[in-house]
Amino acid sequence: MRVGLVCPYSLTIPGGVQGQVMGLARSLRRMGVEARVLAPCDGPPPDESVTPLGNSLPTAANGSVAPLAPDPPAQLRTIRVLRDEQFDVLHLHEPLAPGPTNTAAVMKSAPLLGTFHRAGHSTAYRYLRPIVRAVANRLDHRCAVSEDARRLAQSQLGGRYEVVFNGVELDAPSAGSFATPCPTVFFVGRHEPRKGLAVLIDALEHLPDEVRLWVGGDGPETESLRARTGRDPRVEWLGRISDAEKQARLRGADVFCAPSLFGESFGVVLLEAMAARTPIVASDLHAYAIVARPGRDALLTAPGDPAALAAALKRVLFDPDVAAGLVTSGWDRAQQFSMDALAERYVEIYADLASRGAIHAPRRSLWAKSKREGVGSLPAKSKREGVG
């Protein structure tokens, strides 16, 4: 079986969706599935299984900036690759994002599986509802990575969704480990308000002087936050780091901290910390609490409360029994979300979609078809078969 995994975000810029796509592709290939990744790349592709579709353009989206490729050259490359490769199934991650996934959905050169990652809200879903619903109705099967992601997609797009949680590679590639002579907290993520890095920096003022903080990533708040810390030797600004270095830092840190304030659909990075056997302190968000059970797999605190965050970090850093308990429970929890188990479920969906037969381009345009059927409604065949 030949499966094309289409990602709308640049693979050379670290991100949760990008990590899921690449990890899933590795698991699929171990299972004997011929999996190829199609995505933008701002530089050399991360491995030989990737077909680059061009550079990305920073695109504002829901309080963040995403490395998308909505430009015409990227779409022409996408169309050419899809025609040349003749995939049995196309797996579109964030299928309605501007760029390759949206183009692949409109073309529909093979049966389509769409996985929805976004949670919280979507401006595009709200204001472009007739268009995005028409494109969503091209999908033959819809998955969501969490209940929050399912609720958002279903409320704005209609249709039916199977919740298939994200996975974690229990043996993810790593650059080894980093020594930590002092108690060390690790943060990695985009430096933007919703990720809560400013709260963690405030919490550092409540921690003993020997505590160190590794800060990975970059973003619009980087310069202002660095100015706040001044020449503080406790804070090491790492900049954008590779996935291998991220894994090594996770293994070396004494605690991983995810102080996000809102907008998380699934805590993949929490699973990565559990798999690295590193204790976790994070915000008490619904998406995080699903992954890391409060008090068992992680200590969760009220979002935006530096004092509470610092208190939880102290417990993990200076109470070995607390840290050991979180590590043991977290490792068991990570195994329940293994990437290989996720790949097995997706292979079942791929096989079902591929068995339905060849795809033929519609005689009428997508927009005429959606108007005839009624925007937002499922085609009669899909309703009969319970698809989408």
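Provide the packing ranking of 204-210, 48-54, i.e. peptides ordered by the mean count of other C-beta atoms within 10 Å per residue, highest first.
48-54, 204-210
Over segment 1-110, consider all pairs of different Cα atoms and compute the Kirkwood hydrodynamic radius from their mean reciprocal separation; express it in Å, one decimal.
Averaging 1/r across every pair of different Cα atoms and inverting gives 13.6 Å.
Provide the packing ranking of 110-120, 22-32, i.e. peptides ordered by the mean count of other C-beta atoms within 10 Å per residue, highest first.
110-120, 22-32
Let me confirm the definition first: pairs of Lys residues in the chain, 8 or more apart or on different chains, C-alpha distance under 20 Å. How many are there?
Final tally of qualifying lysine pairs is 9.
Could you tell me how far the Cα centroid of segment 18-44 sits from the Cα centroid of segment 136-209, in Å?
Computed from Cα coordinates, the inter-centre distance equals 19 Å.
Using the reciprocal of the averaged 1/r over all distinct C-alpha pairs, how large is the Kirkwood radius of segment 162-299 in Å?
15.3 Å
For segment 176-223, what mean projected area does the convex hull of the alpha carbons give, in nm²?
3.9 nm²
When the accessible area of the chain is computed with all protein chains present and a 1.4 Å probe, what percentage of it is carbon and sulfur?
Carbon plus sulfur share of accessible area: 52 percent.
Above 15 Å lies some portion of the pair distances; for segment 235-301, what is it as a whole percent of all C-alpha pairs?
Tail of the P(r) past 15 Å holds 50 percent of the pairs.
When only alpha-carbon atoms count, how far does segment 151-212 stretch along each of its three principal axes, as whole angstroms with the largest first?
53, 32, 15
Between Ser177 and Thr328, what FRET efficiency follows from the Cβ-Cβ distance if R0 is 22 Å, with the result rounded to 0.05?
Here the calculated transfer efficiency is 0.70.
Mind giving me the nanometre distance, one decimal, between the label points for Glu223 and Asp321, set 7 Å out from Cα along Cα→Cβ?
Going from the Glu223 label point to the Asp321 one covers 5.0 nm.
Count neighbours as other Cβ atoms within 10 Å of each site's Cβ, and list the trypsin sites (Lys or Arg not before Pro) in segment 205-253 that are DSSP loop with at most 16 such neighbours.
Those that pass, being in a loop and sparsely packed, are Arg231, Arg234, Arg240.
Going out from 0 in 10 Å bins, what whole percent of all Cα-Cα distances in segment 96-208 drops into each bin?
The calculated distribution, bin by bin, is 11, 30, 25, 20, 11, 3.
With the crude spin-label approximation of a point 7 Å out along Cα→Cβ, what separation in nm comes out for Ser242 versus Gln335?
Going from the Ser242 label point to the Gln335 one covers 3.0 nm.
With the radius of gyration and the Kirkwood radius both derived from the Cα set of the chain, what is their ratio Rg to Rh?
Radius of gyration relative to Kirkwood radius: 0.99.
Between Asp42 and Ile79, how many nm apart are label points set 7 Å from Cα along the C-beta direction?
2.7 nm
The values are calculated or read from the model by the stated rules, or taken from the named source; none is laboratory data. No experiment lies behind these values; they were computed from the predicted model shown. Ideal geometry is used to build each Cβ from the backbone, glycine not excepted, and the neighbour counts take in all protein chains shown. What goes into the accessible areas is simple: the full protein's heavy atoms, side chains included, and nothing from ligands, DNA or RNA. Shrake-Rupley method; radii C 1.70, N 1.55, O 1.52, S 1.80 Å.
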